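The values are calculated or read from the model by the stated rules, or taken from the named source; none is laboratory data. Being a predicted model, the structure only gives us computed values, none of them experimental. As a convention, Cβ positions derive from the backbone with ideal geometry for all residues, glycine included, and neighbour counts pool all protein chains shown.
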Amino acid sequence: MNRKYFGTDGVRGRFGGDLINPEFARRLGRAAGGAFAALENGAPRSAVVGRDTRASGIELEDGVVAGLAESGIDVLRIGVAPTPAVALAAMHFRTGMGVVVTASHNPADDNGIKFFSGAGLKLTDEAEAEIEVRLDHPGSRVAYGAPGVVKDTAGLSFYEEKMARVLPPGALSGWKIVLDTANGAAFRTAPAILAGLGARFFQMGDSPDGRNINEGLGSQHPEAMGERVRAAGADLGIALDGDGDRLVLADENGSVLSGDELLTVLALSAMEEGRLAHNTLVVTEQSNLGVDEAVGNAGGRVERTGIGDRHVIARMRSGGFNLGGESSGHILFPELSPAGDGMLAVLKTIEVMLRTGRPLSELRRALRHYPQVTSTLRVGEKPEIGTLVHLTATMREARAVLGNEGRVFVRYSGTEPKLRLLVEGREEAVISKWMTKLRESAASDGLG
């Protein structure tokens with residue numbers, strides 16, 4: 001479905017631009033409230049709203065809250081909170097929707113607005129389409145006959161307590177952990193969870209100033225975290241992104257794991273215990289073919305979806321699956337949380353380490369990555385891939401040659417003016433050759 005405002009994960013862009021500014025946030029909140037009125041099905045006429053640590057978040061939060069209230073929605077503001085905590089807050093406080101002001105792993109100059117249903121799930125295509133219609137055709141400002149009431153509440157103890165219950169009390173006593181919270185939304189909740197379980201930890205990225213979120217730290221820049229693990233002789237390194245829904249881990253040697261390695265470790269462990277529903281792991285088209293091989297060799301199977309955790313969770317719900325995620329580090333455990341949660345994924349990984357008695361450096365060996373080459377081209381426009389004659393011809397040729405032992409994946413970024421290219425196969429020389437041809441073909445079609 002083509003969208004005018006929504007990308008792969010909410011509405012996102014540079015703060016102060018046409019989309020991300022206080023007045024648009026107000027319009028978006030009003031449109032969301034009106035759409036909620038049209039699609040509510042008896043849900044509470046209320047919303048919980050949180051934000052990350054960006055300076056622009058305060059203005060945007062004020063805007064979206066005002067718009068929601070104008071449409072007749074009661075609003076509960078919880079302040080700085082990780083995205084998964086907002087999703088759980090919608091359930092905990094029994095509101096009809098959740099809203100979080102964040103641009104996730106993007107730089108501080110960007111910001112965005114994400115929506116959840118009262119069940120903590122990403123909005124359906126139908127709901128996003130209804131909001132977009134109302135943005136362009138505002139209509140009545142008050143959907144319910146009177147403006148909503150706005151209240152503030154402090155504290156995320158309900159979230160911290162739920163996460164701590166994943167492991168037994170004191171489970172991390174004696175553990176040394178490096179924790180990088182990217183100067184983002186999890187800078188208070190993540191250390192509280194680890195401390196509650198008895199861990200000794202060394203924190204990085206815990207001094208947000210509104211401008212330094214994701215700056216040289218966090219899941220986008222895990223190198224410093226890995227170095228700190230080596231220097232401290234830690235058991236584990238954790239790097240979250242700005243809104244706390246994705247992570248990157250480092251083993252006890254300071255070596256960074258890919259999201260695919262983490263998914264493989266979790267899936268194989270769940271299969272060993274007979275807890276992987278239908279023996280199926282759900283991933284996106286970006287995951288390495290080595291995941292399919294590792295899970296398949298253990299007697300399981302892998303299903304793939306389009307890019308975005310909303311597609312992963314939708315397939316998991318429709319198929320009754322209980323583990324899935326993205327190679328970027330979004331991991332989903334729908335039995336415990338409706339949204340991807342970096343800290344939850346950390347705790348579930350530690351659970352595997354405790355059960356097996358094996359360090360992460362050993363567990364990660366289950367995945368043998370297929371060689372992979374990626375490239376990004378900046379674009380001015382985003383014509384349909386199928387209309388790019390030279391590029392699509394090269395894609396067909398490459399897929400025919402690589403067969404089942406390789407793949408070609410081409411897509412536009414959902415949040416940036418970029419074309420992303422990926423080629424994967426057993427031989428690096430072969431896939432490098434095809435990447436060169438793809439870039440040349442894209443240039444022939446006027447891209448890059």
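Looking across the stretch 336-365, the residues that are within 24 Å of the chain's Cα centre (by Cα), part of a helix (DSSP H, G or I) and among the small types (Gly, Ala, Ser) come down to Gly342, Ala345. In a residue-by-residue description of the stretch 401-422, the property of being of a type in the set (D, E, K, R), more than 22 Å from the chain's Cα centre (by Cα) and more than 30 Å from Ile177 (Cβ to Cβ) applies to at least one position. Only residues that are of a type outside the set (Ser, Thr, Tyr) and in a strand (DSSP E or B) were counted across the stretch 366-396, and they come to 4.
If you go through the stretch 397-424 and keep only what is part of a helix (DSSP H, G or I), touching a strand residue (DSSP E or B) at 6+ places or on another chain (Cβ under 6 Å) and closer than 15 Å to Ala442 by Cα, you end up with just Ala398. Against the conditions (1) within 17 Å of Tyr159 (Cα to Cα); (2) over 23 Å from the mean Cα position of the chain (by Cα); (3) surrounded by 24 or more Cβ atoms within 10 Å (Cβ to Cβ), Ser71 satisfies every one except (1). Going by the conditions given, is Gly254 touching a Lys or Arg at 6+ places or on another chain (Cβ under 9 Å), crowded, with 24+ Cβ neighbours inside 10 Å and at pLDDT 95 or above? Criteria not met by Gly254.
Residues checked against (1) out of contact with any His (no Cβ under 9 Å at 6 or more places or on another chain); (2) assigned to a loop (DSSP other than H, G, I, E, B); (3) crowded, with 20+ Cβ neighbours inside 10 Å; (4) of a type in the set (D, E, K, R):
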| site | (1), (2), (3), (4) |
| --- | --- |
| Glu128 | yes, no, yes, yes |
| Gly155 | yes, yes, no, no |
| Val178 | yes, no, yes, no |
| Leu194 | yes, no, yes, no |
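Screening the candidates Phe116, Phe202 for the property of being of a type in the set (A, V, I, L, M, F, W, C), part of a strand (DSSP E or B) and surrounded by fewer than 23 Cβ atoms within 10 Å (Cβ to Cβ) yields one hit, Phe202.
Taken over the stretch 291-309, the criterion of being touching an Asp or Glu at 6+ places or on another chain (Cβ under 7 Å) and either of a type in the set (Val, Ile, Thr) or in a helix (DSSP H, G or I) (or both) is satisfied by Val291, Val302, Ile307, Asp309. Taken as a whole, the condition of being among the small types (Gly, Ala, Ser), modelled with pLDDT of 95 or more and surrounded by fewer than 21 Cβ atoms within 10 Å (Cβ to Cβ) does not apply to Gly380.
In the stretch 47-68, the qualifying residues are those that are surrounded by 22 or more Cβ atoms within 10 Å (Cβ to Cβ) and of a type in the set (Asp, Glu), and the one that is nearest to Ala103 (Cα to Cα) is Asp52. Exactly one residue out of Arg228, Arg134, Arg211 is basic (Lys, Arg), over 25 Å from Ala345 (Cβ atoms) and outside any loop (DSSP other than H, G, I, E, B), and it is Arg134.
So which residues in the stretch 10-64 are over 18 Å from Asn111 (Cα atoms), in contact (Cβ under 8 Å) with a residue 24 or more places away in the chain and assigned to a loop (DSSP other than H, G, I, E, B), if there are any at all? The answer is Glu40, Ala43, Pro44, Arg45.
In the stretch 425-441, of all residues being assigned to a helix (DSSP H, G or I) and in contact with a helix residue (DSSP H, G or I) (Cβ under 6 Å, 6 or more places away or on another chain), the one that is surrounded by the fewest Cβ atoms within 10 Å (Cβ to Cβ) corresponds to Lys437. Put simply, of Gly198, Gly184, Gly148 the only residue that is farther than 15 Å from Thr83 by Cα and modelled with pLDDT of 95 or more is Gly198. Going by what's in this entry, would Arg315 be described as in contact with a strand residue (DSSP E or B) (Cβ under 9 Å, 6 or more places away or on another chain), in contact (Cβ under 8 Å) with a residue 24 or more places away in the chain, closer than 21 Å to Ser104 by Cα and in a helix (DSSP H, G or I)? Spelling it out, it is not the case that Arg315 is in contact with a strand residue (DSSP E or B) (Cβ under 9 Å, 6 or more places away or on another chain), in contact (Cβ under 8 Å) with a residue 24 or more places away in the chain, closer than 21 Å to Ser104 by Cα and in a helix (DSSP H, G or I). When only residues in the stretch 238-251 that are in a strand (DSSP E or B) and touching a Gly at 6+ places or on another chain (Cβ under 6 Å) count, which is surrounded by the most Cβ atoms within 10 Å (Cβ to Cβ)? Across the stretch 238-251, the extreme among qualifying residues is Leu240. Residues in the stretch 86-98 that are out of contact with any strand residue (DSSP E or B) (no Cβ under 7 Å at 6 or more places or on another chain) and crowded, with 24+ Cβ neighbours inside 10 Å: Leu88 only. Counting the residues of the stretch 318-335 that are buried (at least 16 other Cβ atoms within 10 Å of the Cβ) and not in a loop (DSSP other than H, G, I, E, B) gives 4. The residues listed here are Ala339, Ala366, Ala314; of these, the one that is touching a helix residue (DSSP H, G or I) at 6+ places or on another chain (Cβ under 7 Å) and surrounded by fewer than 24 Cβ atoms within 10 Å (Cβ to Cβ) is Ala366.
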